[in-house]
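Asker: Sharing a structure here in structure tokens format.
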Amino acid sequence: MEHRAVAIIPSSNLDASEAFYRRLKFTVVSDYGHYRILEDGRGSHLHLTYAAGWPKNIEDNPFGLYLYVEDVDAMADAVREHIIEEGAPHPKPWGTYEFAVSDPSGLLVRIGRVLG
């Protein structure tokens, strides 16, 4: 059996969250109304769960998600207007080439690949 971890992401607006993750190449494979399962076709899955009023203040969302992808630049082009750090993507001191965006609920999403 394969081992993997899957993020369960709370959202007060599942349609907005789904649209955001579609731009990151995820598609809905199961929709249970207040719970949606997305995958990218390469083994990554995300679960969106409805959470009314989450977060109370968008800047207070303490959670983060890291998506490892091969073509970081193509992914950056898909969400360029949401990139947080000017000039990104670029190499980081910890050995990745990455950029960061916020999803509609303020979740920090870093997208990158390991250099080398």
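Asker: Out of all the residues in the range 40-47, is one or more touching a strand residue (DSSP E or B) at 6+ places or on another chain (Cβ under 6 Å), of a type outside the set (Lys, Arg), more than 21 Å from residue 3 (Cα to Cα) and modelled with pLDDT of 95 or more?
Answerer: The answer is no, given that none of the residues of the range 40-47 is touching a strand residue (DSSP E or B) at 6+ places or on another chain (Cβ under 6 Å), of a type outside the set (Lys, Arg), more than 21 Å from residue 3 (Cα to Cα) and modelled with pLDDT of 95 or more.
Asker: Take residue 4 and decide whether it is of a type outside the set (A, V, I, L, M) and either part of a strand (DSSP E or B) or touching a residue at least 60 places away in the same chain (Cβ under 8 Å) (or both).
Answerer: Against the criterion (of a type outside the set (A, V, I, L, M) and either part of a strand (DSSP E or B) or touching a residue at least 60 places away in the same chain (Cβ under 8 Å) (or both)), residue 4 does not qualify.
Asker: Find the residue count for the range 60-83, including only residues that are closer than 23 Å to residue 4 by Cα and not aromatic (Phe, Trp, Tyr).
Answerer: Summing the residues that are closer than 23 Å to residue 4 by Cα and not aromatic (Phe, Trp, Tyr) in the range 60-83 gives 9.
Asker: Further question: Can you pull out every residue in the range 24-56 that is in a loop (DSSP other than H, G, I, E, B), touching an Asp or Glu at 6+ places or on another chain (Cβ under 8 Å) and among the basic types (Lys, Arg)?
Answerer: Scanning the range 24-56 gives a single hit, 25.
Asker: Sort through 38, 48 and tell me the only one that's in contact (Cβ under 8 Å) with a residue 12 or more places away in the chain, touching a Phe, Trp or Tyr at 6+ places or on another chain (Cβ under 6 Å) and among the aliphatic types (A, V, I, L, M).
Answerer: On inspection, the qualifying residue turns out to be 38.
Asker: So, one more: Could you name every one of the strands (runs of 3 or more DSSP E) located completely within the range 57-116 that has at least 1 residues being modelled with pLDDT of 95 or more and surrounded by fewer than 16 Cβ atoms within 10 Å (Cβ to Cβ)?
Answerer: Hits in the range 57-116: 64-68, 108-114.
Asker: Among the residues of the range 84-116, count how many are over 25 Å from residue 6 (Cβ atoms) and β-branched (Val, Ile, Thr).
Answerer: Selection size over the range 84-116: 0.
Asker: Show the residue pairs that are 6+ apart or on different chains and have beta-carbon atoms under 8 Å apart, the first residue being within the range 80-105 and in contact (Cβ under 8 Å) with a residue 12 or more places away in the chain, the second being among the aromatic types (Phe, Trp, Tyr) and assigned to a loop (DSSP other than H, G, I, E, B).
Answerer: Listed by first residue and then by second, the contacts come to 105/54.
Asker: Follow-up question, since we're still on this one. For the range 9-23, which positions are part of a strand (DSSP E or B) and surrounded by fewer than 12 Cβ atoms within 10 Å (Cβ to Cβ)?
Answerer: If the condition is that a residue be part of a strand (DSSP E or B) and surrounded by fewer than 12 Cβ atoms within 10 Å (Cβ to Cβ), then no residue fits.
The values are calculated or read from the model by the stated rules, or taken from the named source; none is laboratory data. Remember, predicted model here, so these are calculated numbers, not experimental data. Cβ coordinates were reconstructed from backbone atoms using ideal geometry, including for glycine residues, and neighbour counts include every protein chain displayed.
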